[in-house]
Structure formats: structure tokens, C-alpha cells
Amino acid sequence: MKIIKQELQFEESLKQRLEFICEFSNVTPKFINGSIRKIENTNLSYIEPHRVVIKDTTFLVFNYSNDVYISNLSKKIKLTELEDYLKLL
């Protein structure tokens with residue numbers, strides 16, 4: 001079994017929104033691109049979300065989504081609520 005990894009690029013408008021929120025909150029984000037992992041000769045694939053590390057907390061985001069996941073995919077908030085969440089960190 002061979003796994004093929006293909007890196008995804010951040011959607012530019014999403015990255016700009018995140019940078020703006022972080023700038024307004026006086027924090028510095030670290031952006032890590034997500035990827036698509038496919039198993040060769042099958043139709044199975046997994047989309048690894050983009051990661052944004054802020055104050056030692058990892059946030060997961062997907063292109064074209066307004067949700068931000070905190071640490072894992074079980075807890076999510078709206079992108080508009082991220083600034084308030086960062087103030088609590």
C-alpha cells in the first residue's frame with residue numbers, strides 16, 4: 001500500500017482574515033499547510049486541515065469554511081468568535 005501526500009495551499013482570503021484577527025488580538029500566528037493523503041489504487045483519501053498555532057494552541061481550519069476547530073475536530077467555534085476566544089488564552 002502506497003500513500004500519496006499532496007500539500008494544500010491556504011485560501012488567500014481565509015489566511016488574510018486569520019492574520020487580521022491575530023493582529024487585532026496582538027498575537028503572532030504560525031501557519032502550517034494541510035494536505036490530501038490518498039491511498040494509491042483506491043478511492044480513499046483524507047483531507048488534513050490547515051493548522052494555525054497561536055499561543056501554543058493549535059487551531060484547525062479548512063479552506064472555504066467559517067469554522068475553526070480547537071486542538072481537534074470535536075470542538076469548534078465560528079471564525080467570527082476567534083478573537084474573543086484568543087482573549088481568554
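Derivation of every value follows stated rules applied to the coordinates shown; laboratory data play no part. It should be emphasised that the depicted structure is a prediction, and the values quoted were computed from it without experimental measurement. Here the Cβ is made from the backbone with ideal geometry for all residues, glycine too, and neighbour counts use every protein chain on show.
Filtered by the rule that a residue be in a helix (DSSP H, G or I), surrounded by 12 or more Cβ atoms within 10 Å (Cβ to Cβ) and in contact with a helix residue (DSSP H, G or I) (Cβ under 8 Å, 6 or more places away or on another chain), region 19-38 gives 21, 22. Filtering region 39-89 to residues that are closer than 15 Å to residue 19 by Cα, in a strand (DSSP E or B) and in contact with a helix residue (DSSP H, G or I) (Cβ under 7 Å, 6 or more places away or on another chain) leaves 52, 54, 61, 68.
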